[in-house]
Amino acid sequence: MKLIKTTLYSGFISFVRIISGFISVKIVASIIGPSGIAAVGAFSNFLSIILTFSNGAINSGIIKYTAEYADDEKKQKLLFSTATRITLICSLICGIIIIILSSYISQLLFGSDGYYDVIICLGLSLFFYSLNSVLVSILNGLGKIGRYTIVNTVGAVFGLILTLILVHYWGVKGALYALILSQTLVFFTSILLLLKEYWLNKDYLFSTVDKEISKSLFKYSSMAIVTALTVPVSQILVRNYIIKEFGISDAGIWQGMTRLSDAYLTFVNMALVTYYLPKLSSISDTSLLRKEIFRGYKLLVPVTVVLCLSVFLMRTYIIEILFTKDFLPMEHLFKWQILGDFFKICSYVLAFLMVAQAKTKFYIITEILFSGSYILLSIFFTRLMGLEGSSLAFCINYFGYLCLMIIYFRKLVFQGKENKK
């Protein structure tokens, strides 16, 4: 019952995010075109890397241990306080480094130092984003899905409003500022919404730092850091390769396909994050764990199939409505991208076990392996098929990832025995 309730809440968040995202994409695509989409994509990848480092990459650990310590007030206090201190230190260090290197980062991302002011703004705002990520992770771990939904919905709406205003006046630079400032506004909204929460006080958030809890959290930070580096970096390298071989417009089309894929799968991804990670973290019995996995597949796979088929069948209309005529070549990317999205979600249901059970070594190996294979497959297939090869590479890569997840967790899935590796 809770899975269904969580899925409905996730569905609402996803709906708001999808609509907001689609409107933002339409506005950005109409005003700044494929080249602008490519620039925003490059900054988004950089942003995801920095935002992970700015809170010590401990969000998944906060969610897991908040759920695990649900009945232990003392450990909860130590967890929340330790997480807050780690976040404050990391965000301060990252912010200073970004500000000092602002011109260099601007040149690296955009080929010009004309965006250094955007990078400085990011450095100054990291503190607010990082603290907000702690608050949201605590909500998720506590299972406060209602409030979690409100906070995320407000964030999506702020992002949309800022995008509409700033892109209109400042084009590409406005889109970049919108990505940064929306998270700062969400922090203050979160504080107002959570004032009555028992843990939003000095005793819980700013008391003792526990060394053992720090070690436990940093197990998760190593996983998150690897993901934060491998996934965006692989996308940056693929995008740069496409720009070099096919031009900035084709890179924008590829970026548009990637953003569309991320947007319509938000519904399923939110259900996985808000329900599965806390749930799997709280289950120690192997038979119950196996049942939970199959429950997830029974609900999420049909939903994913419906989403994928709907997007594929309506692909021409989607491009015309959400983008512009300049993006019509994107239609050739849908077939393999949609199939890859299906494999992606099927693999994630099992992959979340690695996070929930802190299988750090295997997680890191798979992230590096499949990020590398994605780059190589993209180069290989784009040389054979042109831009369409990038989506085929995505599909093959996630099919391989799914196969590996099934093999690794085969004892749990097929025999009801936990893999101890």
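Only the coordinates and a few stated rules stand behind these numbers; no lab work does. Given the structure is predicted, the values throughout are model-derived calculations rather than measurements. Note that each Cβ is placed from the backbone with ideal geometry, even for glycine, and that neighbours are counted across all protein chains shown.
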Relative contact order [Cα under 8 Å, 6+ residues apart], the chain, whole percent: 23 percent
Spin-label pair ASP117/ILE19, simplified geometry with 7 Å Cα→Cβ offset, distance in nm: 3.4 nm
Computed label-point distance, nm, for sites ASP285 and LYS215 using a 7 Å Cα→Cβ extension: 3.1 nm
GLU331 versus TYR241: modelled label distance in nm, points set 7 Å from Cα along the beta carbon direction: 2.7 nm
Order by protection proxy (mean Cβ within 10 Å, highest first), peptides 82-89, 36-43: 36-43, 82-89
Normalised alpha carbon radius of gyration of the chain [divisor 2.2 N^0.38 Å]: 0.95
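How much length is gained if the chain between LEU313 and ARG295 is pulled fully straight, taking 0.36 nm per residue apart and subtracting their Cα-Cα distance, in nm to one decimal?
3.7 nm
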Difference of contour (0.36 nm per residue) and Cα-Cα distance, SER207 to THR189: 4.1 nm
Residues in the stretch 207-229 that a label on GLU197 would reach, taking backbone N under 16 Å of a point 7 Å out along Cα→Cβ: 207
Derived scalar couplings ³J(HN,Hα) [the stretch 234-245; Karplus, 6.51 cos²θ - 1.76 cosθ + 1.60; whole Hz; x for Gly, Pro]: 4, 5, 4, 5, 5, 4, 4, 5, 5, 4, 5, 8
Phi to ³J(HN,Hα) by Karplus 6.51 cos²θ - 1.76 cosθ + 1.60 over the stretch 199-209, Hz, x for Gly, Pro: 8, 8, 7, 4, 4, 8, 9, 9, 9, 7, 9
Aspartates and glutamates with Cα under 20 Å of LYS359, excluding same-chain neighbours fewer than 8 positions away: GLU68, GLU212, ASP285, GLU292, GLU367, GLU418
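Just the C-alpha atoms of the stretch 33-126: what Rg/Rh do they give, with Rh taken as the Kirkwood radius?
My calculation puts Rg/Rh at 1.14.
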The chain: calculated mean residue ellipticity at 222 nm from DSSP helix runs of at least 4, using -39500 (n - 2.57): -29000 deg cm²/dmol
Distance violations [Cα-Cα > 27 Å] among LYS77/LYS291; LYS219/LYS244; LYS144/LYS298: LYS77/LYS291; LYS219/LYS244
